[in-house]
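So the structure is just underneath, and the comments pick up after that.
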């Protein structure tokens, strides 16, 4: 027993579940054993409870703000993150609940409020993955003819997050006194105006909900561009990232650390690369599993995805030829660079890159037995290339169930993962304290 | 048993619970038996489940978009409607879940999506109370120096609701086919662009969530101004209203009907006035209960509330003098008119009007035994002045519990209220079908 408590005190791996109701691999949903529905709340509750059974730090939801293109096939539909996470807040009790919200198409007051409310409902388990959205199609759903450029989006995002943090600080902790005898409902000395007047927003405040239990819900940032690193370094608690090699991930961490220190920030920013593990009882079985998925991969869809990222139509280029250079208007600078580096390092043809890109959307695929996968994660962790991982199941439910039932026990046996939830809030789970009021004011 | 089913088929009263976590009466929370907290999800779940036990049609949440003014006392804090209702969606199974969202400070794509998601999560129990917001303080939280004027807000609201309905119609029912064998995930013939280009919004669509189970969540409108009636007549399924006399309510219904018919709309718009019942075992006990509440009423707070509505400071006017005329910039035209009519009819002093206004915010107070209250509701219902009522508990938990435990059985015995939930969706409960695609297009 003492070994267990000791293990829990030492540094262990953090794990997020990147919610993929039907698995990330585009061919996964068609497999015979596949289950899941993008809009069935009972399914999502089952998934979140399995992740909670696996003692994951958090349930993580990505987002996009455009519907299916007419005529285009592919997965579509899905529940909106804040509503979904609010439902999960009462259907789970321990796991963190992190949702993606774009700063490009919302108002900071609405976002600060929704996340504060989610934090109250979940009793301190809320998190926000801050994104700026890369899609012109999304912009056209919000009365814009085109997306503002990258730098403009990040400038707005920076101010947006500062306003949201300021609103969370517009009530001090415990401002709601509700003293029946004196009739004092509110300690008015503990509520203040924000009076923010900036380039993009002017927000008076205070917020209409009290300070969240965590002070500030956990902030995640997932962009690896220079602007993304800048935002993460000044504002984020966690960085979710796509990194293909230990060297790249170490370089990314060093860049984050440097940017954080340049901004006078000393707190330690946790880095969680995405991983798509394919778990078999043996390495051979795992390879067969992946081959079966890849066999049904729609290369044309992979070319369409790359075309979107590259900024022009790649379908006229030969599949067995080299990977062409990206265009001028790329989407997702850091992901494009990652794919391009990979193609060059492995001498991939365009078709090979398309098949790989569509399998995991650029995240690292790990194929093997539970021990092989644990070895890989342990190596990354011990090399300092990751504080943990955001698990992206290739197929469901096995992509999650196999990891929880087979890989997690191996990590636990090695003292690399918790055996029970020790903390109440998500911040505590990441070793973060409640921010003091105004700590992020500028 | 046959009497019961017959009763359920005949026209019966609809009931909403206007959620007041601490009771509506400003003195209620200080009473010894008072319970509740504005931000405790367990408390809200207890309240919603009691309303569900009472077979209420819906749980209704009002909203405001400004926090407490520095230095001002009064109730403050509270959970955000969409997060709260999403949590209730998994904590309840039958009751409708209606939230207030302003059209002045949100984007239609976000609102359409959140409500569609809530409708999926609740399996067809979502509703939207459309408001335009009356507060300058709210505008200052959204980068506006002042609120757009009444007509401009309603013009935006009208377009906003049409865009939201259009987005709900951008997927036909059952567009998600998810056929493993053929690989068809989506029936692309059943998804279409919206391509809305209007005065306030340009929205391409389609939505990124499939058509809600109800087709369109139930739409509620609560403004009684000419513009409010216009919006209700063209867009709403239900009207929530403050009406003090049967004559006023009949006139309001007639105005709604006339406006609906002028707009070529034949469907029947249900009218639910707000009521604040004070239930005692006897009429005398109920009167004592109300007197005990009024005794602790803060007349100064009532004067501040009236000042806000009247558009200027009334605190320099004598409390025992007549009620002054409203100013030029009133807030809530219809509510001001209602209060003014009441003051003139009853010859109230300014102080008396302030005490009454602050007790229920202008909604009708009914004081008496369960039978007295049932008599009153039955009379309104049978006169055609109401299709039901939105219950605004004066104090909690007794304001809800007494109604559920004592008044509802009387209504049931008279054949005026359901004995079980017969319908699955909120629309069905109000006798509304799923709107055909494009029925609200303009």
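The values are calculated or read from the model by the stated rules, or taken from the named source; none is laboratory data. All of these numbers come straight from a predicted model, not from anything done at the bench. Cβ atoms come from the backbone with ideal geometry, glycine included; neighbour counts cover every protein chain shown.
Please find, among A:173, A:227, the residue that is touching a residue at least 24 places away in the same chain (Cβ under 8 Å) and either under 18 Å from the mean Cα position of the chain (by Cα) or outside any loop (DSSP other than H, G, I, E, B) (or both).
A:227
Yes/no per residue for (1) buried (at least 17 other Cβ atoms within 10 Å of the Cβ); (2) within 25 Å of residue B:358 (Cβ to Cβ); (3) more than 11 Å from chain A (Cβ to nearest Cβ); (4) more than 17 Å from the chain's Cα centre (by Cα):
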site	(1), (2), (3), (4)
B:11	no, no, yes, yes
B:16	yes, yes, yes, no
B:87	yes, no, no, yes
B:95	yes, no, yes, no
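Quick check: anything in the stretch B:141-155 more than 10 Å from chain A (Cβ to nearest Cβ), outside any helix (DSSP H, G or I) and closer than 25 Å to residue B:274 by Cα?
The initial filter retains those residues of the stretch B:141-155 that are more than 10 Å from chain A (Cβ to nearest Cβ), namely B:146-155.
In the following step, the residues that additionally are outside any helix (DSSP H, G or I) were identified as B:146-149.
From what is left, the residues that are closer than 25 Å to residue B:274 by Cα are none.
No - not one qualifying residue is present in the stretch B:141-155.
Would you be able to tell me the number of residues in the stretch B:185-215 that are assigned to a strand (DSSP E or B) and facing chain A (nearest Cβ under 7 Å)?
Adding up the residues that qualify gives 5.
One residue is enough: does the stretch B:66-81 have a residue meeting the conditions more than 24 Å from residue A:213 (Cβ to Cβ), in contact (Cβ under 8 Å) with a residue 60 or more places away in the chain and more than 9 Å from chain A (Cβ to nearest Cβ)?
no
Check off (1) over 19 Å from the mean Cα position of the chain (by Cα); (2) buried (at least 21 other Cβ atoms within 10 Å of the Cβ); (3) more than 15 Å from residue B:78 (Cα to Cα) for residue A:160 and give me the number that stays unchecked.
Condition not satisfied by residue A:160: (1).
Can you name the number of the only condition in (1) more than 12 Å from chain B (Cβ to nearest Cβ); (2) more than 27 Å from residue A:209 (Cα to Cα); (3) in contact with a helix residue (DSSP H, G or I) (Cβ under 7 Å, 6 or more places away or on another chain) that residue A:132 fails?
Every condition holds for residue A:132 apart from (2).
Which condition breaks for residue A:178 when tested against (1) on the phi < 0 side of the Ramachandran plot; (2) modelled with pLDDT of 95 or more; (3) within 9 Å of another protein chain (Cβ to nearest Cβ)?
(1)
Regarding residue A:158, is this residue touching a residue at least 60 places away in the same chain (Cβ under 8 Å), part of a loop (DSSP other than H, G, I, E, B) and more than 9 Å from chain B (Cβ to nearest Cβ)?
no
Return the residues of the stretch A:54-65 that are more than 11 Å from chain B (Cβ to nearest Cβ) and either within 20 Å of residue A:394 (Cβ to Cβ) or without any contact (Cβ under 8 Å) to a residue 12 or more places away in the chain (or both); say none if nothing qualifies.
Matches in the stretch A:54-65: A:54, A:56, A:58, A:59, A:60, A:61, A:62.
Can you tell me which residues in the stretch B:104-128 are surrounded by fewer than 24 Cβ atoms within 10 Å (Cβ to Cβ), within 30 Å of residue B:311 (Cα to Cα) and more than 9 Å from chain A (Cβ to nearest Cβ)?
B:104
Could you please let me know if residue B:136 is surrounded by fewer than 20 Cβ atoms within 10 Å (Cβ to Cβ) and out of contact with any strand residue (DSSP E or B) (no Cβ under 9 Å at 6 or more places or on another chain)?
So residue B:136 fits the description; yes.
Looking at B:238, B:250 in this structure, which one is crowded, with 22+ Cβ neighbours inside 10 Å and on the phi < 0 side of the Ramachandran plot?
None of the others qualify; the one that does is B:238.
In this structure, does residue B:51 turn out to be in contact with a strand residue (DSSP E or B) (Cβ under 7 Å, 6 or more places away or on another chain), surrounded by 21 or more Cβ atoms within 10 Å (Cβ to Cβ) and without any contact (Cβ under 8 Å) to a residue 60 or more places away in the chain?
The answer is no for residue B:51.
Quick one: what pairs do we get from the stretch B:132-154, first residue free of Cβ contacts under 8 Å to residues at least 40 places away in the same chain, second part of a helix (DSSP H, G or I) and loosely packed, with under 14 Cβ neighbours inside 10 Å, C-beta under 9 Å, 6+ apart or different chains?
From residues that are free of Cβ contacts under 8 Å to residues at least 40 places away in the same chain, there are no pairs.
When residues of the stretch A:284-293 are filtered for being surrounded by 15 or more Cβ atoms within 10 Å (Cβ to Cβ) and either at pLDDT below 95 or more than 16 Å from residue A:405 (Cβ to Cβ) (or both), how many remain?
Selection size over the stretch A:284-293: 2.
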